1. Restricting the search to the range 202-238, which residues are part of a loop (DSSP other than H, G, I, E, B), small (Gly, Ala, Ser) and under 28 Å from the mean Cα position of the chain (by Cα)?
2. Go through the range 415-467 residue by residue and tally those that are within 20 Å of Gly328 (Cβ to Cβ) and not in a helix (DSSP H, G or I).
3. Go through the range 624-651 and report how many residues are aromatic (Phe, Trp, Tyr) and within 32 Å of the chain's Cα centre (by Cα).
4. Would you please name the residue that is surrounded by the fewest Cβ atoms within 10 Å (Cβ to Cβ), looking only at residues in the range 411-426 that are among the aliphatic types (A, V, I, L, M) and out of contact with any Pro (no Cβ under 9 Å at 6 or more places or on another chain)?
5. Condition check: at pLDDT 90 or above and either crowded, with 24+ Cβ neighbours inside 10 Å or within 23 Å of Met32 (Cβ to Cβ) (or both). Does Phe87 satisfy that?
6. Mind checking which pairs have a first residue in the range 26-37 that is over 15 Å from Gly493 (Cα atoms) and a second that is surrounded by 14 or more Cβ atoms within 10 Å (Cβ to Cβ) and aromatic (Phe, Trp, Tyr), Cβ under 8 Å, 6 or more apart or different chains?
7. Please go through the range 432-454 and pick out each residue that is surrounded by fewer than 24 Cβ atoms within 10 Å (Cβ to Cβ) and either farther than 18 Å from Ala117 by Cα or in contact with a His (Cβ under 8 Å, 6 or more places away or on another chain) (or both).
8. Pick out, from the range 244-361, the helices (runs of 4 or more DSSP H) lying fully within it that include 2 or more residues that are modelled with pLDDT under 80.
Amino acid sequence: MALQHLTDDQVRDWSRAQKDRWWFENVFRGSMPQLTIRSAATGFLLGGVLSATNLYVGAKTGWTLGVGLTSVILAFAVFKLMSRVGFRDLTILENNCTQSIATAAGYMTSPLVGGMAAYMWASNKPLNWLHMLLFNIVLSILGVLVAFPMKRRFINDEQQPFPEGRACGVVLDTMYSSAAAVGLFKAKALAVSASLAGAVSFVSGESYMRLIQERWLGFSRSWHLPHTLDNWYYWLVAKGHVALPRIAGVDIRQLALRPELDLAMFGAGGLMGIKPATSLLIGMLLNFAVIVPWMIAEGEIKPARFDESGAPIFGRAHILNSWSLWWGITMMIVASMVALFAKPKVFVEVFRAIFARSAKPGTDADIVRHIELPLWVSWVGVPIVGGVGVWMAHEFFGVSWVLGALSIPLIIFLSLIAVSSTALTGITPGSSLSKIPQFIFGAADPARPATNLMTGVMCSEVALNASNLLMDIKPGYMLGAKPRQQAVGHCIGIIAGALASTPLFFVLFLDGYDPVAAAGDAKHVQNLMAPEGGQFTFPGALQWKGVSDLVVSIFGNTGTGSLLSASMVTSMIIAAVVSFIFEVLRIVTKNRFPISPLAIGLGVVVPPASSMAMFAGALFFHVTHTIYARRRESLGHRLWIDTHEPICAGIIAGAALIGIGDTIVKVFLL
């Protein structure tokens, strides 16, 4: 079945009930197997393997690998091979359920190589493995419960893109419908775009090229296609032919204003669309090309350090954490809250779902209720599971009962921001958002690093799982799956990832722990896990601990007690007012207003290179749509408009999978 979707006008003008009825009658595949024993078992096993890989990679690089597309293709390939010896092939919905489970498992490693590792470094002793496992599972399930009340708004009603999830849906549809002529053309387009993107990513993969040229061919050094697209210009700078580009006296490389060859983000921009991508670019340029140089010139942003010659060194991470984060996050918060409260029916429907009698399945009032996760599960489950999480934070890590309880509404609120970001761009700013509870609760209890670290972990893990769940449900919605079964599958993946990654964490990183040595060495655990010149550096944990140390230095006994300068407060006030006005205009014009304040705020947070790549992808497909929109019989219309989504999905899949392989080569073979 070819993918069907509503037009932009239908998304704007139809009520959610109309959209639900259309989906139920045209897309839903009620009789097709989905969460079966074999799909659950396949997802469980794949998720366990991929989460173990993510743990290893995360400890070396600081980030985890997206495994949705990987698991889709692996499951498809494995069962295709098994079908040759008598096994029945997976249905498209079974494969989708498999990727939901595997993806949930793959992301369970994030707190282990981030906040939890930083906590162990700060306390100089390992955590209890069972405490880690249970706390991780509870927070992840809380993320599922937080996400489902948002599902109907972001997916059913607003039809938000969720680019990575949308790419998974397109890949699945193309693989399973390639027998028909249209499906075959789309499958070829996807395969070609994936191959081209993969080939470029392979040639630009530093680890691939080192392995081939230095290890296998014996060359003294290797060459790879540069990731940054402006290397030629800086070669001319080195030769003295052109001037070094500066803004307010700062080398623009320190402002991260360098385009990169990021084809996965190019494809994501193509799925995102020109409006949000333009707003993303506006936010990035406004921050890094205008406001930040101005604040550096005014002395409001101090250098991170000075080099040997005494020149100031800034860098994107330092600029973001020390100044820009706050006005960018303010724009995202205000935009998300205005959008939420602009639809009071959401709250009415919640209470009606809890207290009203069940409507008959199939009626207009409740046509999808029997396949959605009941809202009462979230409204009852969030306080219970959240309470368990607060108890664990207190018993396991010494977080105050009061501060732990206060963190729950903040975490839910920040999860809404994270989901809004993921829905629009596919990027979940969990790390950036986690700094908010770190600073807020760290200020309230600066003497104990556990307070800021573990409330930050709670925020990032809940936000990540809420966003990840809806990203997984997006392809299910596109393909006609039962969202309730996907939620159950996600929980299976959570357990699989926790069981696979937690014991392995202790085997890999804490096998040599010596409590006697720890008593005489304040950095025994940190040196054990990330020794100088060793295999693992834990860059994520270093960032978490750096923020924790900053909180203690500001709010501790010898600190100033002040985090936000006058310029930061002013920027937040201006951002809040502008965001409110823009979001109201967007709502009043039914999304015809061209600027998204949420995307502007996100443009501050994400790396500038990603914003540039997404805008480039969106612009490319916008131009091709404009050229071929009326040439309905042309090859260009068939390729760039009818096959737009498979091409974008192929670009994302090819670049992402080859990029993952490059990281794995670096981790395991070099």
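The values are calculated or read from the model by the stated rules, or taken from the named source; none is laboratory data. This structure is a prediction, so every number in the text was calculated from the model and none was measured. Every residue, glycine among them, receives a Cβ derived from its backbone with ideal geometry; neighbour counts consider all protein chains shown.
1. Selection gives Ser204, Gly205.
2. Matching residues across the range 415-467 total 4.
3. 1
4. This residue is Ile412.
5. No.
6. Note: pairs meeting the criteria are Val27/Tyr477.
7. Residues satisfying the conditions are Ile436, Phe439, Ile440, Ala443, Ala444, Asp445, Pro446, Ala447.
8. Those helices (runs of 4 or more DSSP H) span 325-341, 345-355.
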